[in-house]
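To start, the structure itself, in structure tokens.
The values are calculated or read from the model by the stated rules, or taken from the named source; none is laboratory data. In this text, all values refer to a predicted model and were calculated from it rather than measured experimentally. Every residue, glycine as well, gets a Cβ built from its backbone with ideal geometry; the counts of neighbours run over all protein chains shown.
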Amino acid sequence: MSILRRRKGTENKKTEPEYEEFNDENKKSNGSSRRLRRRRWSCMDGCCWFVGCICSIWWFFLFLYNAMPASFPQYVTEAITGPLPDPPGVKLAKEGLRAKHPVVFVPGIVTGGLELWEGHQCAEGLFRKRLWGGTFGELYKRPLCWVEHMSLDNETGLDPSGIRIRPVSGLVAADYFAPGYFVWAVLIANLARIGYEEKNMYMAAYDWRISFQNTEVRDQTLSRIKSNIELMVASSGGKKVVIIPHSMGVLYLLHFMKWVEAPAPMGGGGGSDWCAKHLKAVMNIGGPFLGVPKAVSGLFSAEAKDIAAARSMAPSFLESEMFNFQTLQHVMRMTRTWDSTMSMIPKGGDTIWGGLDWSPEEGHECNEKKPKNNTTQTAESDRTRKSDNATRVKYGRIISFGKLVADLHSSEIERIDFRDALKGKSHANSTCRDVWTEYHDMGIEGVTAVADYKVYTAGSVLDLLHFVAPKLMKRGSAHFSYGIADDLDDKKYEHYKYWSNPLETKLPNAPGMEIFSMYGVGIPTERAYVYKLSTAGDCYIPFQIDTSAEGGSKSPCLKGGVFHTDGDETVPILSAGYMCVKGWRGKTRFNPSGIRTFVREYNHAPPANLLEGRGTQSGAHVDIMGNFALIEDIIRVAAGAAGEDLGGDKVYSEQEYSGKPEAAYFNVLELDAPVRRCERLALDGFRRGRGRPKKYWGEVIRRDMEQLQLTEDMTLDRKIWRTRIRAEG
Amino acid sequence: MAAILRFRKLCFLEPVKSFEKPKNDEKKSFEQHPEIERVLEKPKSKKTKKQPKEWRCLDSCCWLIGYLCTSWWLLLFLCNFLPGLRVPEAPGVRLKRDGLTALHPVVLVPGIVTGGLELWEGRPCSEGLFRKRLWGGSFTEIFKRPLCWLEHLSLDNETGLDPPGIRVRAVPGLVAADYFAPGYFVWAVLIENLAKIGYEQKNMYMAAYDWRLSFQNTEIRDQALSRLKSKIELMYVTNGYKKVVVVPHSMGVIYFLHFLKWVEAPPPVGGGGGPDWCAKHIKAIMNIGPAFLGVPKTVANILSAEGRDVAFVRAMAPGLLDSETFGFQTLQHIMRVCRTWDSVVSLLPRGGETIWGDLNRSPEVENICYTSKARYLQSSSKESNGNDTDARRSFHVKELPRYGRIVSFGKEKSELPSSQLSIIDSKEFVREGGASRNSNTSCGEILSEYDEMSRKSIKKVAENDAYTARTALDLLRFVAPKMMKRAEAHFSHGIADDLDDPKYAHYKYWSNPLETKLPDAPDMEIYCSYGVGIPTERSYVYKLSSSDKCKSIPLQIDSSAYGSDNGCLKGGVHFVDGDESVPVVSAGFMCAKGWRGKTRFNPSGISTYVREYQHKAPASILEGRGTESGAHVDIMGNVALIEDVLRVAAGATVAVEPLRLVRMFTSEPLSKHSGPVTAV
């Protein structure tokens, strides 16, 4: 009734008073029909009213938002938190810094945008629209179509037929990942303050799904980067470029530096002095030089800390058939076609990541909160010593089945080798509908064999992955290598699969170049996992992170089935810092020309309040790109400063490792001096006993001679002998 | 939502229900029982007074908006999902089926105005616009902060480069000019069709440049030419040593001419590519809507910041543009900003009277002035090939309009024979600055250079009855001295007699096809593709503006001037055939004549092809901007043109079949007068 009345009222207001004096005739004659009309109209009208209401309110807000001056949010923030510090770009522009060296950004995995150039029927209307990055609207609208287009060919690791997904080019490729979620945008804005613009800033966007060499084969991305760097050097009057890779971009750049020097058919044909001529500095941000343990769990069971946590919160959610398809399996199938994920598998094997009973991070203290001021420092170190005695987390075991196994000494674990285990044929294949992962080929026998091996270190994890994902690893091992080289002059290291592994390549011959390793510290980072066999049916991934495994007070590093260590939430310090602290420091075999290296650590400080957004002092893997201190360092280098001008190394995590002799920083033994390496071989696995080492002096010398390619008569000349065996560093 | 509806129902219906019973009673009973009445009055008053007054208007508004929204969405939904409304198959799909695949890399060179510009550094008023588009896109900033916007888009009046503290740069990549505004495609359709046959970022490059600057300055400031050179070389190498196909549009055509000369010139000024660079790297240049010899529109633009459209608006609502309603004079501001853009000068008519005609003669002797009806006849007769000449004859005009007079003052003056005109030598124009300076003080801020001129000297300008392409330049030098001085260091508008003169090595001649030789690349192909069949501005009838106020532009197009029997003169503008912006002379002359065969402009005998596209307006609104359009920008969506581009890019040579060899070029007057052109 009321609605009807309202409607009438708008139509002719003059009849309004009539309603106040109801007369019988009116009532009786119209009553029934009115009621009918009311029924019919009210729902429709109500809907319209509602939509209109929402719309106008929305427009009103939109109008207010648009009418609001641009400086309003900043004004509010300043009113609440006090005046903000100048962004580093403004500050440094006031100091008189100006754009000098051209800058190249190399984005990492996942952050770069991908757009559609050719697709199947279901992707109509998405031409040159972003499938990855941006709003991800299509993910919700047509998830299966999206997954289909984002996947690569399982055999070749290139485009499936009829689908072309290409990286977005230009600075827009990775300035924002999603609306409002910056990646490079803050850095770009600050560089622009001191005079950078499109002509001396270049985003080396590449398709991060495919292997590094394939980006050249398919898109000629490496050629393009080379040509652009040459152009920028030429057009800026011979100023060398500063390259800023982030995350996986670090490995991509390593690959690029070897590619550009290699002769033409496989490489770029730039010659051995290309890097010396064109590169001033490489400023790696959060670089997983030696891989990340996360990659293992990602490939093994398509999960990480966050997914495991979700699973423990709502156990049946991810497994359910609610959405009529199995999310995780789809994700797994998709990510397993991406070759690039394999570039992040831990490299260097047990030498770097630790064996069954030792790990480089021994003595790492997992604190809930890191002390921020120095007064608590002494108490802190005391506690470290105490807990050191209590438990030593065996980080070397990247995957262990069951919490108990993770803590036991290696001699107490019974292991059955899985490598020869037969893979049973799965009979359940047909019931799993279209979702198919290689686990179905393994059958029960294969799965139990994997679980019976109990403990996997960085070395045996590779075998494990070869076992559970043979196709993937076959494709991957053609493009990536995870070893550690003894003799870098071996001819085989000219193959491109070694180029992205810092432990199997030499740095270019560019003594004037500088390498910075910049990363956040102070955030617990995934390092090793406790697994269990999943109880769910055939169609599911048979392994799961055991989220019930909690370390408690005894070993606080274990939380939800994941052992944590210090890092930037994604990359542990070991991976991010080792090469610059040790592997490349001084003249080593990985760095024959003695390129100077600098380590810059940024201690994580979470944003004080919500208004600060993602913080200006964050140390997290991506958020660090908004860290003012880091931006300032980059701007100074881009404006011409050298590493020493920044103050050389800046290290926080050293405190934790203080008190250790010799290898103050990491517990990894010297890799560089051949003599010491023999020592390490004796040491590996056991405690060093009393008495004479197991090697004889003569044996050691013979071995050295072999490795340094010295002949008998050379040893007789003292001068030659000295220069050859000197362990530099 | 259901809950809210229920709540609403409660609010509205409950009081009614409770009220309904007593309503059924007689009114008198209320009077008899005052207490009851009082009790019942309360809800009544609540309902009748409060509810209708508060809710009625707002509610019905909401209802209306909601109704509109829902029906709009419904229509949108239907539009999207009705199969019948699908556009016909794209040419790319068809050609792919014919077996065409990407072969030669493609370089797109956008024209003036269509390229996006973004802010890199600005004044405080532009806060929050970092890396946002100022030009192209949604143009919202014009409405929010118009003066700030104008300030950032203008260049320095002395140098023609950035003003201090402002850096506005071209958007790079394909996004630079795929869409000019949301939904208004420029290159997008072509890009999409190229992608259909296998093109992608690695073999397609948009040579975006800052179109406000003079061509050489894009290299000096942004190294845009070096970048283009490096990209072409890179694409040549990475695509298996396949030469590139260049597709420039509008002003991009002369920008690319400049590039061709630049790349050959030795390093300090040029790119140092050597004389065989073009032969090695370029397969074909497919000029779309080329403005080789300039556009007469530009003269009017510089003179009074108006074109046909502005003059039309002025005629409709005389007071609107000149009024001070918006607190500032729109046209004057536009004029001030435009005059800082050097590139505008590159579009002034080139070749002087030889090309564009003198006081009596014009190259467009046979031009037919289409009325809308005639155009229809024309296009229909086109389909039945034979009637062509008949149609033409029937619309032939007795007296030819004298197009050579690009600017004439007064309608009669535009028609009189030259002997009756009073022509004053341009040297007699004297800027009388002294007198005006006094009056300036009352005008406050100087907006345009007209404010610095005295009324008297402007009158003097008008005393000269008619200006040809050559004298129009003198006129512009007089009324816009700063701009012309700046820009003429970068552009030249003459026609060369002896191209071996060493002066032609200077970069200011590079973008003028009449003062440069084409590169030594006999295998290269040059296509001139342009639309025809749309009336295009060719010359103007001017008058002195009546308002004597300061800050107003003293010259105006005389929009009252209409032709009597022939339709060529409309609203003060003489029209010829063309693509709405570029007349056929400018677009086609070089390919049809100047470069045809081995001429002095084309010493190596590069083959040239003319492709004309007859304009056909879209049949219905649903077609959007049409697939057979010949208009300057809309032609980029023309199916036939796209097909030509695709075929050339895929390695074919377009079957040489000149659709219609251009009328006026073969006509006598031109070849007689333009002795230098034909004398190779």
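Numbers below:
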item: Some residue of the stretch A:23-46 being touching an Asp or Glu at 6+ places or on another chain (Cβ under 7 Å) and either more than 10 Å from every other protein chain (Cβ to nearest Cβ) or at pLDDT below 80 (or both); result: no
item: Exclusive hit being small (Gly, Ala, Ser), modelled with pLDDT under 85 and under 26 Å from the mean Cα position of the chain (by Cα), set B:Ala462, B:Ala469, B:Ala489; result: B:Ala469
item: Flag if B:Ala640 is farther than 30 Å from B:Asp523 by Cα, within 23 Å of the chain's Cα centre (by Cα) and at pLDDT 75 or above; result: no
item: Answer from A:Gly249, A:Gly237 - the residue that is out of contact with any helix residue (DSSP H, G or I) (no Cβ under 8 Å at 6 or more places or on another chain) and surrounded by 21 or more Cβ atoms within 10 Å (Cβ to Cβ); result: A:Gly249
item: Members of the stretch A:167-216 found to be more than 12 Å from chain B (Cβ to nearest Cβ), buried (at least 22 other Cβ atoms within 10 Å of the Cβ) and assigned to a loop (DSSP other than H, G, I, E, B), listed by number; result: A:Ala174, A:Val183, A:Ala204, A:Trp208, A:Arg209, A:Ile210, A:Ser211
item: In the stretch B:231-260, residue farthest from the other protein chains (Cβ to nearest Cβ) [restricted to those that are touching a Leu at 6+ places or on another chain (Cβ under 7 Å) and under 12 Å from B:Val107 (Cβ atoms)]; result: B:Val247
item: Of the criteria (1) over 29 Å from A:Phe256 (Cβ atoms); (2) crowded, with 21+ Cβ neighbours inside 10 Å, which one A:Leu131 fails; result: (1)
item: Scope the stretch A:102-155; condition free of Cβ contacts under 8 Å to residues at least 24 places away in the same chain and more than 22 Å from A:Ala178 (Cβ to Cβ); matching residues; result: A:Gln121, A:Glu124
item: Single condition A:Pro607 does not satisfy, out of (1) of a type outside the set (Gly, Ala, Ser); (2) without any contact (Cβ under 8 Å) to a residue 24 or more places away in the chain; (3) on the phi > 0 side of the Ramachandran plot; result: (3)
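Residue-wise test of (1) outside the structural domain of A:Phe401 (by TED's automatic domain parsing); (2) under 19 Å from A:Val651 (Cα atoms).
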site	(1), (2)
A:Thr565	no, yes
A:Leu574	no, yes
A:Tyr578	no, yes
A:Phe598	no, yes
A:Gly615	yes, no
A:Met625	yes, yes
